[in-house]
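Here the structure is laid out as structure tokens; the discussion comes afterwards.
The values are calculated or read from the model by the stated rules, or taken from the named source; none is laboratory data. Quick caveat, the model's predicted, so the values are computed rather than measured. Quick reminder, even Gly has a Cβ in these numbers, built from the backbone with ideal geometry, and neighbours come from all protein chains shown. All accessible areas refer to the heavy atoms of the entire protein, side chains included, with ligands and DNA or RNA removed. Shrake-Rupley method; radii C 1.70, N 1.55, O 1.52, S 1.80 Å.
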Amino acid sequence: MDDIPKARTSADHGYLLDEQIGFLLRKAYQRNSTIFAETVPGKLTPTQFSVMHRLAEDGPMSQNRLGRSVAMDGATTKGVVDRLIARGLLQTAPDPDDRRRHLVSLTAEGVALIDEAVDAAITVSTETMAPLREREKETLLRLLKKIGGD
């Protein structure tokens, strides 16, 4: 053990883990994810919820467009859509305007679940940001949108 060199510490390089954006975002996301898992029905993941919510808002769309609209790559989108189809929450059908393409849409069961899940998601957002004052919530959301490129 004496052969192992001692790693530099924050006293040496000034990097304080507890003050870094990535570390703090991860901790905040963990808080949100825990509240989400405990609150949202149907064992939906945040990613699955996003896909279903986008379809509820915008209607049927190609898998490619769906993925882009919720900031997911193609492989991730395919996996999420396939799992939701297997659960009977989504379906695909040929695009009437382009027979080479299929449109993804909610099933009746998917509509019922997303309607219930949205009410729960409102609670999740409220609980996640409960430690903040109203002005801080607005500032946090504005800054996160800016970091995310919106």
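Which whole-number percent gives the relative contact order of the chain, counting Cα pairs below 8 Å spaced six or more residues apart?
Normalised by residue count, the contact order of the chain is 24 percent.
Using Cα springs under 10 Å in a Gaussian network model of the chain, which residue among GLY88, GLY14, GLY42 shows the largest mean-square fluctuation?
Ranking GLY88, GLY14, GLY42 by mean-square fluctuation puts GLY14 first.
For ASP95, enumerate residues with amide H under 5 Å from its amide H, sequence gap 5+ or separate chain, H modeled in the peptide plane.
When sequence neighbours closer than 5 places are left aside, the close amide H contacts are ARG101, HIS102, LEU103.
So who's got an amide H within less than 5 Å of the one on MET61, skipping anything under 5 residues away but keeping other chains? H placed 1.01 Å off N, in plane.
VAL104
Taking the Cα centre as origin and putting +1 on Lys and Arg beta-carbons and -1 on Asp and Glu beta-carbons, what dipole magnitude results for the chain, to the nearest 20 debye?
320 debye
So, counting K/R as plus one and D/E as minus one, what does the shell of residues with Cβ under 13 Å around ILE21 add up to? Let's see the in-between values first.
Working: positive: ARG26, LYS27, LYS146; negative: ASP18, GLU19.
Computed value for this residue: +1.
Report in % the part of the accessible area of the stretch 1-120 that belongs to carbon and sulfur, leaving out ligands and nucleic acids; probe 1.4 Å.
Values: 4200 of 8030 Å².
Exposed carbon and sulfur together represent 52 percent of the surface.
Based on DSSP H runs of at least 4 residues, each adding -39500 (n - 2.57), what is the mean residue ellipticity at 222 nm of the chain after dividing by all its residues, to the nearest 500 deg cm²/dmol?
-19000 deg cm²/dmol
Report, by chain and number, residues whose modeled amide H sits under 5 Å from the one on THR107, excluding near sequence neighbours (fewer than 5 apart, same chain).
LEU90, GLN91
If you plug each phi of the stretch 7-17 into the Karplus form 6.51 cos²θ - 1.76 cosθ + 1.60 with θ = phi - 60°, what whole-Hz ³J(HN,Hα) values come out, in order, with x for Gly and Pro?
For the stretch 7-17, the Karplus curve yields 5, 5, 10, 4, 5, 7, 10, x, 7, 9, 3 Hz.
From the backbone phi of the stretch 42-53, what are the Karplus-calculated ³J(HN,Hα) couplings (6.51 cos²θ - 1.76 cosθ + 1.60, θ = phi - 60°) in whole Hz, Gly and Pro given as x?
x, 6, 6, 7, x, 5, 4, 4, 4, 4, 5, 5
Just to be sure I understand: with springs between alpha-carbon atoms less than 10 Å apart, which residue in ALA86, ALA108, ALA11 has the highest mean-square fluctuation in the Gaussian network model of the chain?
The residue with the greatest mean-square fluctuation here is ALA11.
What residue among ARG68, ARG101, ARG133 has the largest mean-square fluctuation in a Gaussian network model of the chain, using Cα springs under 10 Å?
ARG133
Per residue of the stretch 114-130, what does 6.51 cos²θ - 1.76 cosθ + 1.60 with θ = phi - 60° give for ³J(HN,Hα)? Whole Hz please, x for Gly and Pro, Karplus curve as stated.
5, 4, 6, 5, 4, 4, 5, 5, 4, 4, 4, 4, 4, 5, 4, 9, 3
Considering only protein heavy atoms, what per residue accessible area in square angstrom results for the stretch 19-150 with a 1.4 angstrom probe?
65 Å²
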